Structure formats: structure tokens, C-alpha cells
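The values are calculated or read from the model by the stated rules, or taken from the named source; none is laboratory data. Note that this is a predicted model, so its numbers are computed, not measured. Cβ: placed from backbone, ideal geometry, glycine included. Neighbour counts: every protein chain shown. With ligands, DNA and RNA removed, areas are computed over all heavy atoms of the protein, side chains included. Shrake-Rupley method; radii C 1.70, N 1.55, O 1.52, S 1.80 Å.
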Amino acid sequence: MVYIAVMGHGVVGSGVMEVLTTHVDSIRQRAKEEIRVKHILDLREFPELPYANLFTKNFEDILNDDEVRIVVEVMGGLNPAYDYVKRCLLAGKSVVTSNKELVATKGAELLKIAQEKNLNFLFEASVGGGIPIIRPISQCLAANDVTEIAGILNGTTNFILTKMIRDQMEFSDALKLAQENGYAERNPSADIDGLDVCRKICILASLTYGKHVYPDSVHTEGISGITMADVEYADAWGGVIKLIGRVKKLENGKIRILVAPMVIDRSSQIAGVDDVFNGILVRGDATGDVVFYGKGAGKLPTASAVVADVIDCVKHFAARKYLFWSDADPDYVDDYKNDETAVLVHVSAADPTLALQQVRDVFGEIRLLARKNEAPGEFAFATGVMTEHKIDEKLDALRKQEIVVYNCLRISDF
Ligand code: HSE
């Protein structure tokens, strides 16, 4: 018998209890041990639940219980999760977490403690919900040099963009629906402003390249500036808009990393990833492109990944799983503006014929795009590939000629 504790009984925590109680036999078979929850930490009370007797409001009940060998942290946020997880590891307990913020900001430190204590600190559920991605990158693709990872990593924003594209649904209605389905973060600005994607791409970059990438070193843009006009111009270009987290390995050993909405060619494997689904493309030198697809958020998909980690912990009490990264040099993350991309630019001017000539003078060859019901003077164009520094200079030159730039979206090359 292995005793575990669960910290947090929200969407994911209640899902963990559901998976553990509905799959008792298969879990026992796979772990070769019975796994029993001894404590659940939550400040709320759940008297109606059949396991109401397991709840405690006191973290010390878990920390000081030597029978508890694995602690599941599904509270989310940094405080008090960071303190609790660190103290559990220092007390000799393995930890499984779905907490992206914790892993993205404190991963190097917690992995070091786990290594020193010969324990496991596992976090499969922190990226991609129910999609296996941490293990595949650290184990199955370990023989590759991964040159790039690009993915749709947030279910809420993908759900919102899909509803806008397919059903012309208002942004706020789509967000409400995502919240009702349990996809959105407690503070949905973490989804909409790209922070959640940022944390996830930081975890994947840290894991893949072995050096910690901190979220505040990543240029991050969200989707709140995306309008139906952008959606329609992207459609005219032959693509869809998706919020993408992307990291590339450079030849000098540094990385370039970015979170931003991008126009994705309809023929890309990522373009068809809709609703709450996530899609993650991993480019390996031996494998070529490998794409992982599945439900990136929600109670049971995420709980499934958490419970799988618990099973793995039980099977590896004696032999630590090798998941590790260390701190990086301060200049490890290269300026994202050195990256080269094409862009789709949405503009307006009092004299569109003159403005189009000015655009051609500044950007050279462009592809002009039109949509139904354009306002007078409004148009969009797609540029060739150039560095982001150059794009900024050219957009400034247009602004000086009284052209209003509404939006500028990167066009992906995957
Ligand atoms: N809010 C997150 C999402 C939850 O929508 O993807 C899963 O990490």
C-alpha cells in the first residue's frame, strides 16, 4: 500500500480523486501497489463527498505524516504551492504537480532538491493537459537534437479563437463558455494575455535544452487585440489565427522564444487544432516533425496525466526518473527581434491608392488582401520574410506617412 496526499480539491484535484476511485483495479495492476489517498488539503469543506473524512485544512498533517510518500499538488499559483512543495521534497516525499507557474518559475530549484534527495518531482500535467509531452520529449525523442518546438498550448484561447472563426461568437461569450467547462484559469487574463502559454513553452524549452527559461525573459503577446477583421484577412491569405508558443535552438547554443498570435497556413498540421484541443509540433533532426494532439485542458484529461505520474512515482521509488535542468546564463535567451518572419499587416489610410504605393515603396513586394465589408481606406497585405527589427522600422515609416496600422500578425513557417 502506498499512501499519498492531494493538495487542492478544485477542478483538477476533484478529477484526480475521480480517476483514482474509478480506476482502482487497473491502477493497482499498473503500479503493482494499491494507491490510497490519506489526506486532501483544501480550505473549503465538502461534507457531501464520500471521502469527506480525508479533508484537512492543515498542511502540517501531510508534511508530518511519514506514511505519505507522494504528494500531489494541484492547487495552482505560486503561494503557498511553492513553499509546500519545497517542504514536502525536503521532508523526503516525491511530488507530482500540474502547476505550470510553479514548474516554469521554480523548476530548476525544485528539481535540484529532488535530485539531492533522490526523489521524483514529476509534472506531465503541467503542459498539454492530457497529452503526453514531457515524457516523450525527455525519453522517446532523447536521441534527437530538437531544433524547434511550436504549439497551441492553451485550450481556453484556442476555444475562443475557434468560436470567433467558426461561429462569429463574441469574445466574452466564448470566454464564459470556456470558464463553465473548467478550461480557464482562475484569473482568465493568464489565458488571454498569453502567460499560460508562456509558462508552458518555458517548461518545454527548459526540459528540451536543459537550461531554465524564466517566463519574464519571454516576449509574450495575447489574443485580446485580435478582431474579426484580422480573422477575415487571415482567411483571405489562406490561414487561421492561433496563439502559438515557440522556441528555436540557435547554432550558437542560445534560444529564441516567443508567445504570440500567428497566422497559420491552412495546410499546416497545427491549423486544424480547434476548440479546447492543443497541438504541439516538435522538430527533431532524426525524426523530422512529430505532432502531439489532444485535450489540453479540463478536469479528467489533466487528472489522467497527474495520476499517471503518481503511478510512475510508485514504480520508481528506488530508481529516480531523470528529469532535470539547471540555471542558464543571463544572455541565454536571444532577442526575439532578431528572428525572421513574414507578417500580415492590417492598415487604413485616407487615400488608399497612395497608401498602397507607400506600402510597396517601404516593404517591396507584398500580397494585397481584401475582405468583405471593408471600411473605406482599409486594406491588409502580407510581406516577405525579414527580421522583426526591420519590420518595426518599416511600420514606423508607414506611420510617419499617416497610415494607421491596426495590427501586425506574424505568419508562421510551420
Ligand atoms: N487554462 C489552461 C488552458 C488550463 O486553457 O489551457 C490547462 O493548462
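What size of dipole, in debye to the nearest 20, comes out for segment 134-295 about its Cα centre when the only charges are +1 on Lys and Arg C-beta atoms and -1 on Asp and Glu C-beta atoms? Magnitude of the dipole: close to 620 debye.
Overall, the ratio between the Cα radius of gyration of segment 134-295 and 2.2 N^0.38 Å, rounded to two decimals, is 1.03.
Between THR22 and SER217, the distance separating the two model label sites (each 7 Å from Cα on the Cα→Cβ line) works out to 4.2 nm. Here the dipole of segment 15-54 is about 220 debye; that uses its Cα centre as origin and unit charges on the Cβ of Lys and Arg (positive) and Asp and Glu (negative). Net length available on complete extension from GLN179 to GLN269 is 29.7 nm, with 0.36 nm assigned per residue and the Cα-Cα distance removed.
Legend: residues VAL19, VAL291, sorted from most to least accessible area (1.4 Å probe; ligands, DNA and RNA excluded), read VAL291, VAL19.
I want to make sure I understand the PRE zone here: with the label point 7 angstrom from the Cα of TYR3 toward its beta carbon, which residues in segment 46-81 have backbone N atoms less than 16 Å away? Under cut-off, by backbone N: 53-72.
Solvent exposure of the chain, expressed per residue, is 43 Å² of accessible area, with all protein chains present and a 1.4 angstrom probe. When you filter the GluC sites (Glu not before Pro) in segment 284-377 for DSSP loop state and at most 14 other Cβ atoms inside 10 Å of their Cβ, you are left with GLU365. In this calculation the C-beta distance from GLU251 to GLU116 is compared with R0 = 35 Å, giving a FRET efficiency of 0.55. The alpha-carbon positions of the chain define a convex hull whose volume is 146 Å³ per residue. Multiplying the residue separation of ASN53 and SER172 by 0.36 nm and removing their Cα-Cα distance gives an extension gain of 38.9 nm.
Pick from LEU207, LEU49, LEU354: which is most flexible by mean-square fluctuation in a GNM of the chain where alpha carbon atoms under 10 Å apart are linked? So, out of LEU207, LEU49, LEU354, the one fluctuating most is LEU49. The ratio of the alpha-carbon radius of gyration of segment 324-414 to the globular-protein estimate 2.2 N^0.38 Å is 1.33. Computed on segment 238-338, with alpha-carbon pairs under 8 angstrom and 6+ residues apart, the relative contact order is 25 percent. If you run the Gaussian network model on the chain, springs between alpha carbon atoms under 10 Å, then out of PRO188, PRO352, PRO330 the most flexible one is PRO330. When the residues VAL362, VAL24 are ordered by accessible surface, computed with a 1.4 Å probe over the protein chains alone, the sequence from largest down reads VAL24, VAL362. The GluC sites (Glu not before Pro) found in segment 1-52 that occupy coil by DSSP, while having at most 12 further C-beta atoms within 10 Å, are GLU45, GLU48.
Determine the share of segment 336-411's accessible area contributed by carbon and sulfur atoms, expressed in whole percent, with a 1.4 angstrom probe. The computed percentage sits at 50. Summing +1 for each Lys or Arg and -1 for each Asp or Glu among the other residues whose beta-carbon sits under 12 angstrom from that of ALA81 gives +1. Sorting MET262, MET75 by accessible area puts them as MET75, MET262; the probe is 1.4 Å, largest comes first, and only protein heavy atoms count.
Overall, the accessible surface of segment 120-232 at a probe of 1.4 angstrom is composed of carbon and sulfur to the extent of 48 percent. For the chain, the residue among GLY253, GLY76, LEU54 whose Cα projects farthest onto the positive side of the dipole built from Cβ charges is LEU54. Atom-type composition of the exposed protein surface of segment 21-85 places 48 percent of the accessible area on carbon and sulfur (1.4 angstrom probe). When the Gaussian network model of the chain links Cα atoms closer than 10 Å, the mean-square fluctuations of ASP191, ASP274, ASP83 top out at ASP83. Note on segment 225-303 and segment 16-52: Cα centroid distance 35 Å, given to the nearest whole angstrom.
Between the DSSP loop rule and a limit of at most 16 other Cβ atoms within 10 Å, which trypsin sites (Lys or Arg not before Pro) in segment 27-86 are left? When the trypsin sites (Lys or Arg not before Pro) of segment 27-86 are filtered for loop state and at most 16 Cβ neighbours within 10 Å, LYS32, ARG44, LYS57 remain.
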